[in-house]
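Everything on this sheet refers to the single structure shown next.
Since every read-out is calculated from the coordinates, none of them should be taken as a lab result. Computed from a predicted structure; not experimentally measured. When we count neighbours, we look across all protein chains shown, and the Cβ atoms used for this are built from the backbone with ideal geometry, even at glycine.
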Protein chains: 2
Amino acid sequence: MLKTLKAFTQQAKENKTRTIAVVAANDNHVLQAIKKATEEEIIKPLLFGKKEAIQQICAQIKFSIPEESIIDVLNDKEAANQAVKSIYDGKADILMKGLISTGSFLKAVINKEYGLLSGGLLSHVAFFESPYYHKICCITDAAMNVAPDFKDKQGILNNAINAYHSLGISNPKVAVLAAVETLNPKMEATVHAAMLNTMGNRKQIKGCTIDGPLALDNAISKKAAQLKGIDSEVAGDADILLVPEINTGNVLYKSLNFLGGAKSAALIMGAKAPIVLTSRADNEDTKFYSIALAAAMK
Amino acid sequence: MLKTLKAFTQQAKENKTRTIAVVAANDNHVLQAIKKATEEEIIKPLLFGKKEAIQQICAQIKFSIPEESIIDVLNDKEAANQAVKSIYDGKADILMKGLISTGSFLKAVINKEYGLLSGGLLSHVAFFESPYYHKICCITDAAMNVAPDFKDKQGILNNAINAYHSLGISNPKVAVLAAVETLNPKMEATVHAAMLNTMGNRKQIKGCTIDGPLALDNAISKKAAQLKGIDSEVAGDADILLVPEINTGNVLYKSLNFLGGAKSAALIMGAKAPIVLTSRADNEDTKFYSIALAAAMK
C-alpha cells in the first residue's frame with residue numbers, strides 16, 4: 001500500500017536510475033525540481049533547450065550539471081522533437097515538459113515518425129496524499145480528456161491501472177464516481193459505472209476490483225458507505241477514483257490541492273514512457289513528486 | 001462578509017424567532033438538532049408525526065417540548081401535507097424533512113393546492129466554512145438538479161443570489177466553474193460561463209458580480225489567478241461557486257466535507273420558504289447549522 005508521496009522517492013531509489021528528457025529546460029521551477037531529484041539520485045537529467053539559458057539558471061540555483069547533459073537546440077520545436085526521439089531511441093526513460101506550450105509539446109509526442117503513442121489514449125493521472133485519507137489515491141482524468149465517451153473512459157481507466165501495476169500494486173480498487181450511489185438511467189455517470197462493473201466481473205477489465213456508482217463519500221469513507229448500506233470491497237478504500245468527466249475531475253483535483261491540504265503528483269500515461277507535464281500553477285513539491293512518481297515505475 | 005457558520009446563529013438570534021415545521025419528526029438526529037436550535041432560541045419547533053414516537057425520543061434526549069408543539073398525524077404523507085400547509089397558512093416559516101423519503105416529502109412541497117412552489121425551480125445551496133478559505137462560500141447545485149440546462153442554471157444561480165440577499169449580502173461574487181479558465185467551444189461549461197458573464201454585464205442578472213469560466217483554484221485563490229494572469233474581481237474571492245452539473249457539485253461538496261476538514265450547512269431554495277433537507281449521512285453540526293442558516297434569512 002502506498003501511504004505517502006515520499007514512498008515514490010524510496011521506490012525510485014530502488015529502481016535503476018532513470019534518465020529524464022526535459023523539453024525547453026530553461027525554466028527556474030522545473031530546474032529546481034530536476035536539481036532536487038538529481039541530488040536524491042532518482043534521475044539522470046538530459047536537458048534540451050538553449051544551452052546558455054539553461055546554464056545560466058543552473059548557475060543561479062547552484063545546480064552543477066555535466067556539459068554533455070545539456071543538448072543545445074535551435075528552438076522549442078527542436079527541443080521537443082529531439083527529447084521525444086531520445087525516448088524513442090532508448091536513451092531516456094521519462095519525458096518532461098519545461099517552458100514550452102502544451103500544444104507544441106504534445107505535437108512532438110504524437111508525431112508519426114518517432115512519436116510515443118502506443119495504441120491507447122493519453123490521459124492524466126493525479127496521485128494524492130490527503131491528511132484525511134489513509135493512503136494515496138489517484139484521480140483520473142482531471143486534466144486531459146475533455147469529454148470522454150465510454151470507450152475513452154476505458155482507456156483512461158486502463159492507464160490508471162497500468163500506473164498502479166507499474167508501482168507494484170497488482171490489484172487496485174477502482175471507485176467509479178457519480179453524484180449518487182444508485183443507478184439512475186438519467187445520469188450517464190451511473191450507467192457507465194454499471195457497465196464498468198460488469199466488465200470487471202466478466203474479466204473484460206483485469207487487474208483491479210471495480211465498483212460503482214459511488215459518491216465520493218462512499219468511495220473514501222467506510223462509515224459513509226455503511227450509513228448508506230453499501231456492501232462493497234471498494235467503498236471506503238478506493239485507490240483509483242474514476243471521474244465521469246473533466247469538470248468533476250478538475251474540481252476534485254483542485255479542491256484537494258487548494259481546499260484540502262493535500263499534496264499531489266501527476267503524470268500523463270498511455271505513451272511509451274511516463275510524461276511529466278506539470279503546470280506553472282503547480283508548486284515545487286508537486287513537480288518533484290511527479291518526477292519521483294515517474295521514476296518509481298517499473 | 002460571512003466568515004463562519006456561527007455567524008448564521010448570531011444573525012438568526014437578531015431576527016424574529018422563526019417557526020420550523022418538521023415532517024416526520026420522529027428521528028433522533030433531527031430532534032437533537034431541533035433541540036439545540038430551540039435551546040439557542042433561534043427557532044420554535046412545530047413537529048408533525050406520530051406523537052408518541054416523537055415524545056419518546058424527546059424524553060430520551062431530554063428535550064422538553066410543549067404538547068401543543070407536536071401535531072399528531074396518521075402517517076408520513078399526512079405529516080408532509082400538514083407541515084407544508086402550515087407554511088402556506090403562515091403558521092410556520094421554515095420546512096424541514098425528518099424520517100420520510102425525499103420523494104414523499106417533495107411531493108407535498110409541490111402539491112398544487114397549497115404547495116410551496118413560487119415559479120422558479122427548486123435547487124440545493126450548500127454553504128461551506130473551510131479552514132483553507134477566508135470566508136463562507138456557497139456551492140450550487142450539488143444535490144438536486146440532475147442535468148440542468150442553461151435555463152435551469154439561471155434558476156439555480158438566482159436561488160443562490162436570493163439566499164445571499166436574504167442573508168444581508170447585497171452583491172455576492174459568482175464564479176462560474178469549469179475545468180479551465182478560458183473559453184473552449186467544445187466545453188459546455190465554458191460556453192455557459194460566457195453566456196452568464198454577458199447576462200451579468202447587461203444586467204439581465206442583477207444583484208451579483210459574475211465571472212467565468214474559472215477553474216476552482218482561480219475562483220478561490222488570488223495567487224493561482226495571478227499565476228494565470230486572470231484579472232477579475234471574482235477570482236480569489238468568490239462567494240458562490242456555480243458548478244456545471246451535479247457530478248462536479250457533488251464531488252466538491254463531499255471533498256470539502258470528507259477530505260477538506262470543512263463544515264457545511266445546506267438548504268433547498270426556490271420554494272416559498274427555505275427547506276432544510278439534510279440526509280442521514282450529514283452530521284449533527286450540519287443539521288444544526290442548516291437550521292440556523294434558514295433562520296438567519298430575512
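The figures follow:
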| read-out | value |
| --- | --- |
| Per-copy distances of the A:N201 label point, shortest first, in nm (7 angstrom along Cα→Cβ) | 5.2 |
| Base-10 log of normalised Debye intensity for segment B:1-59 (one unit scatterer per alpha-carbon) at q = 0.30 Å⁻¹ | -1.21 |
| Distance violations [Cα-Cα > 19 Å] among B:K44/B:K287; B:K135/B:K272; A:K153/B:K151; A:K107/A:K272; B:K107/B:K151; A:K51/A:K107 | B:K135/B:K272; A:K153/B:K151; B:K107/B:K151; A:K51/A:K107 |
| Relative contact order (percent, whole number), segment A:242-289, Cα cutoff 8 Å, 6+ residue spacing | 27 percent |
| Rg and Dmax [Cα atoms of chain A; Å; Rg one decimal, Dmax integer] | 19.5, 63 |
| Tail beyond 21 Å, pair distance distribution of segment B:17-88 (Cα, percent) | 16 percent |
| Shortest-first distances to equivalent copies, position A:N28, nm, label 7 Å out along Cβ | 5.9 |
| Potential lengthening between A:D231 and A:S64 on full extension [0.36 nm per residue; Cα-Cα distance subtracted] | 54.6 nm |
| Neighbour-count order for B:V22, A:V234, fewest beta carbons within 10 angstrom listed first | A:V234, B:V22 |
| Unit Cα scatterers, Debye sum, segment B:127-220: log10 I(q)/I(0) for q = 0.18 Å⁻¹ | -0.86 |
| Sorted by Cβ neighbour density within 10 Å, fewest at the top, the residues A:E188, A:E233 | A:E233, A:E188 |
| MRE, 222 nm, helices only [DSSP H, n ≥ 4, -39500 (n - 2.57), over the protein assembly as shown, to nearest 500] | -12500 deg cm²/dmol |
| The protein assembly as shown: Cα Rg divided by the 2.2 N^0.38 Å rule of thumb | 1.06 |
| For segment B:85-134, alpha-carbon Rg over 2.2 N^0.38 Å | 1.50 |
| At most 16 other Cβ within 10 Å, DSSP loop - GluC sites (Glu not before Pro), segment A:1-94 | A:E40, A:E41 |
| Peptide B:217-224, shielding by other chains (average Cβ, 10 Å cutoff) | 4 |
| Rg(Cα) / (2.2 N^0.38 Å) computed for segment A:28-179, rounded to two decimals | 1.20 |
| For chain A: relative contact order, % (alpha-carbon pairs under 8 angstrom, 6 or more apart) | 24 percent |
| Percent of Cα pairs exceeding the 19 Å cut-off, where the set is segment B:151-298 | 55 percent |
| Burial ordering of A:K35, A:K272, fewest other beta-carbon atoms within 10 Å first | A:K272, A:K35 |
| Relative contact order (%) - criterion: Cα under 8 Å, at least six apart; region: segment A:1-112 | 34 percent |
| Translational D in µm²/s for segment A:222-267 (Stokes-Einstein at 10 °C, 1.306 mPa s, Kirkwood Rh from C-alpha pairs) | 128 µm²/s |
| Per-residue mean of C-beta atoms belonging to partner chains within 10 Å, peptide B:240-250 | 6 |
| Two-decimal Rg to Rh for segment B:215-298 - Kirkwood Rh, Cα set | 1.03 |
| Restricting segment B:164-261 to trypsin sites (Lys or Arg not before Pro) in coil, as DSSP defines it, with at most 13 other Cβ within 10 Å | B:K186, B:R202, B:K203, B:K206 |
